[in-house]
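Beneath this line is the structure, given in structure tokens, with notes to follow.
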Amino acid sequence: MGSVISGVIAGTGGYLPARSVSNDELAAEKHLDTTDAWIVERTGIRRRHFAADGETASSMGIAACQAALAQAGASVADVDAVIVATATPDSAFPSTAARIQGGLGVTRGFAFDLSAACTGFIYALSVADAMIRTGQARGVLVVGTEVYSRILDWSDRGTCVLFGDGAGAVFVVAEEGSTRGLLSTHLHSDGRHGDILQVDGGAGSTGGTGVVRMAGREVFKHAVTKLAAAVDEALAANGLGHDDVAWLVPHQANIRIIEAMGRKLHLGLDRVVVTVDRHANTSAASIPLALAEATRDGRIKPGDLVLMEAIGGGLTWGAALARF
Ligand code: ACO
């Protein structure tokens, strides 16, 4: 019998557009009736990056993938799949994944997008892990890349202050008999709650405006309970407890939700990777961007158990556990 194959996160990479905008700058530029104090107190957000004209989900994703491959010591010849989670694709087709594949110069394998809003990275990681375990791929780029600045209603102060642009990627490789890698992923959705967090209209719709609409309080309530259940599920599935977790790398939507998850897991903020203050909510890009930061600055070390969780439109939510 051959040894068990697991998907190991061999490299991480991030890309943020050059332009970083503070709360005060945003309020002045968009004529918003808001304050830095309100935004910081309710969300923890102080700044966000916005893509320049001509920057797209694919162009940012390419940069993040190149950084992930470099950290893994891998080349495009090692890539046989590109899976992209995005709610802001360059176009309905070609997929953003195919554009990234082409832009990187990968000439074999396959590429596709998946749609799970802010949970997209966890979903994409789950698909990559399953494909690696079943032998369909040995080197998978898993990408979250978003330009939410193009789908915001700048007259809605309740949503437009929350989001930013950016891309993150991980390179997941097959290893036989490894003690590290993805331990498990746990996916959920409940389409009955689709209306509380949605892009109102889009490529195939007959109405709507194509911008983010959110019932913030409702989303908040679902987030706290559903994320708590997802992290419990991930730990229980592996016979692990909160003491085993070296780092929580949560989706970065709101510091209050992040703090609630830290408390639930008995992890102080010194064991939680936080980027929401500087990145705001970059949707599917937020977890891989946080991973890229914390592996580069030495917080996440080889052997560390990392717990990831996210919730987003759909509703979709989920968790993943990985040993680095
Ligand atoms: N500046 C000043 N006032 C504001 C702003 C703003 N930017 N936005 C809303 N307000 C006002 C509202 O108009 C309202 O005023 P009113 O009482 O006069 O009507 C008041 O603040 C309270 O509004 P609420 O929406 O009830 O404020 P709340 O305390 O719920 O905070 C927030 C809003 C921050 C959006 C919060 O609900 C939240 O964080 N929800 C979770 C959202 C989230 O995390 N979404 C992302 C998860 S999924 C994903 O990543 C896509």
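At a glance:
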| quantity | calculated |
| --- | --- |
| Region 71-100, residues that are in a helix (DSSP H, G or I) and closer than 19 Å to Arg138 by Cβ | Gln71, Ala72, Val76, Ala77, Asp78, Ala97, Ile100 |
| Test: residue in region 185-194 that is more than 20 Å from the chain's Cα centre (by Cα), within 14 Å of the ligand (Cβ to nearest atom) and surrounded by 18 or more Cβ atoms within 10 Å (Cβ to Cβ) | yes |
| Every pair of residues 6+ apart whose Cβ atoms lie under 8 Å, when the first sits in region 20-39 and is open to solvent by 60 Å² or more (accessible area, probe 1.4 Å) while the second is part of a strand (DSSP E or B) | Glu29/Val21 |
| Residues of region 252-268 satisfying the condition of being more than 11 Å from the ligand (Cβ to nearest atom) and of a type outside the set (A, V, I, L, M, F, W, C) | Glu259, Gly262, Arg263, Lys264, His266, Gly268 |
| Residues of region 278-294 satisfying the condition of being assigned to a helix (DSSP H, G or I) and surrounded by 24 or more Cβ atoms within 10 Å (Cβ to Cβ) | His279, Ser283, Ala284, Ala285, Ser286, Ile287, Pro288, Leu289, Ala290, Leu291, Ala292 |
| The one condition in (1) aliphatic (A, V, I, L, M); (2) within 20 Å of the chain's Cα centre (by Cα); (3) open to solvent by less than 60 Å² (accessible area, probe 1.4 Å) that Leu265 fails to fulfil | (2) |
| Region 125-134, subset small (Gly, Ala, Ser) and open to solvent by less than 40 Å² (accessible area, probe 1.4 Å), residue farthest from the ligand (Cβ to nearest atom) | Ala128 |
| Filter pass, Val249 being more than 14 Å from the ligand (Cβ to nearest atom), surrounded by 20 or more Cβ atoms within 10 Å (Cβ to Cβ) and over 18 Å from the mean Cα position of the chain (by Cα) | no |
| All positions within region 40-55 that are in a loop (DSSP other than H, G, I, E, B) and open to solvent by less than 40 Å² (accessible area, probe 1.4 Å) | Gly44, Ile45, Ala51, Glu55 |
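Matching residues to (1) on the phi > 0 side of the Ramachandran plot; (2) open to solvent by less than 20 Å² (accessible area, probe 1.4 Å):
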residue	(1), (2)
Gly109	yes, no
Gln136	no, no
Val143	no, yes
Ser155	no, no
Val170	no, yes
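The values are calculated or read from the model by the stated rules, or taken from the named source; none is laboratory data. Owing to the predicted nature of the structure, the values given are computational and were not obtained by experimental measurement. All Cβ positions, glycine included, derive from the backbone under ideal geometry; neighbour counts span all protein chains shown. When the accessible area is computed, the model is the full protein with side chains, heavy atoms only, and any ligands, DNA or RNA have been set aside. Shrake-Rupley method; radii C 1.70, N 1.55, O 1.52, S 1.80 Å.
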